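A.B. asks: Handing you a structure now.
The values are calculated or read from the model by the stated rules, or taken from the named source; none is laboratory data. Values in this document were obtained by computation on a predicted structure and should not be read as measured data. When we count neighbours, we look across all protein chains shown, and the Cβ atoms used for this are built from the backbone with ideal geometry, even at glycine.
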Amino acid sequence: MKAAVLYDSSAYLKSPLQMRNNLFKVDFTLALPNDEIIVDSTDESHLKNFFDEWIKADVPQPKTAQPNIQDYHNSFQQIIAEGYDTVFGVYLSSSVSGTFQTAEAVSNQYRDRLNIVNFDAVGLSVNMEQLIKQITLMINQEYSFDEIKETAEWLNSESRFFIALEENDNLIKGGRGQALNEVAGSALKTKPVLEYVPGNTPVLKESFRTNKRRNEKLANIAAKYQQQYPNQEILVSIGHTLDENKAHKLKKAVQSILENQQINISIIGTAFCSHLGKGALSFGLMPTIKGVKSDD
């Protein structure tokens with residue numbers, strides 16, 4: 001088996017994972033209020049300019065577009081040209097995007113030449129990154145197609161994913177804030193935490209008056225999650241919308257309970273910065289595969 005991984009840009013992979021030769025990406029794009037089309041990006045200078053110019057109360061919100069159908073075709077054709085016979089696809093949660101459904105529809109046109117299985121991620125950002133990382137580890141260690149499929153399905157079903165918002169405005173303006181209806185009209189300034197639940201839109205987990213209390217809650221969730229897997233390690237990852245300082249504060253809170261827990265921090269790119277606003281965090285939890293050694 002020669003296996004590739006195809007994923008959409010909302011995974012926001014960082015090096016060295018993103019540099020693997022067998023990873024292929026389709027990109028989200030954004031239409032800015034001035035009609036310029038830009039490609040999803042995690043470049044910090046690009047993001048700073050994006051926030052300064054376009055994420056303002058008096059400016060229409062940029063419109064996010066999922067990857068073009070032709071981008072999937074181009075990727076599958078390149079995968080075939082490079083001699084791959086298998087594709088594991090990882091796509092943004094179908095609760096917030098049609099990316100997974102599009103991938104499935106296009107995949108059907110290539111299943112006569114490729115073994116393809118697509119995974120509907122529980123969330124985006126670090127949740128997708130965690131799943132892609134573990135699929136690549138299984139490919140490295142020559143797991144069979146069925147073993148990777150079954151294990152990745154289990155990892156995805158066992159994962160949990162949260163978004164911690166600094167403000168509600170951008171998600172509501174972008175039409176994706178249904179879970180925030182109960183707090184939208186509140187006179188109190190709160191910091192909502194949404195959980196992505198398979199088969200449902202993101203649900204409001206809880207609202208907090210301070211980041212400290214929110215971080216303590218997420219740290220306790222991570223600790224209880226670890227208890228579910230006493231014989232294996234877990235992955236804990238944090239994403240941020242151009243506010244690494246907030247990410248490190250959450251990391252510190254988690255490690256105050258789970259002292260030896262490794263925690264990866266990633267940046268979230270333009271497409272979801274536009275919905276989440278500055279200072280938002282993503283928080284992903286996933287078990288690791290027993291007996292599979294990380295190549296970090």
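A.B. asks: Quick check on segment 120-130. Is at least one of its residues farther than 22 Å from Tyr196 by Cβ, polar (S, T, N, Q), assigned by TED's automatic domain parsing to the domain that holds His73 and in a helix (DSSP H, G or I)?
C.D. replies: no
A.B. asks: Checking Asp35 against (1) at positive phi; (2) under 19 Å from the mean Cα position of the chain (by Cα), which single condition isn't satisfied?
C.D. replies: Condition not satisfied by Asp35: (2).
A.B. asks: When the residues of segment 43-55 are filtered to those that are over 14 Å from Leu276 (Cα atoms) and in contact (Cβ under 8 Å) with a residue 60 or more places away in the chain, which remaining residue is surrounded by the most Cβ atoms within 10 Å (Cβ to Cβ)?
C.D. replies: His46
A.B. asks: Another one. Run Ile38 past the list (1) in a helix (DSSP H, G or I); (2) over 16 Å from Leu114 (Cβ atoms); (3) not acidic (Asp, Glu) and report the number of the one that doesn't hold.
C.D. replies: (1)
A.B. asks: Would you check which residues across segment 214-258 are of a type in the set (Val, Ile, Thr) and either surrounded by fewer than 15 Cβ atoms within 10 Å (Cβ to Cβ) or in the same structural domain as Ser10 (by TED's automatic domain parsing) (or both) and list them?
C.D. replies: Within segment 214-258, Ile257 is the sole residue that qualifies.
A.B. asks: Continuing with the same structure: Out of curiosity, is Lys212 touching an Asp or Glu at 6+ places or on another chain (Cβ under 7 Å) and modelled with pLDDT of 90 or more?
C.D. replies: Taking the combined requirement at face value, the residue does not satisfy it.
A.B. asks: Out of (1) more than 21 Å from the chain's Cα centre (by Cα); (2) in contact (Cβ under 8 Å) with a residue 12 or more places away in the chain, what's the single condition that is false for Glu147?
C.D. replies: The number of the failed condition is (2).
A.B. asks: Give all pairs with beta carbons closer than 9 Å in which a residue from segment 56-73 that is assigned by TED's automatic domain parsing to the domain that holds Thr99 and in a helix (DSSP H, G or I) meets a residue that is loosely packed, with under 14 Cβ neighbours inside 10 Å and of a type in the set (A, V, I, L, M, F, W, C); count only pairs at least 6 apart in sequence or on separate chains.
C.D. replies: Ile69/Ala105; Tyr72/Ala105
A.B. asks: Every residue in segment 103-119 that is in contact with a Ser or Thr (Cβ under 7 Å, 6 or more places away or on another chain) and part of a loop (DSSP other than H, G, I, E, B), please.
C.D. replies: Leu114
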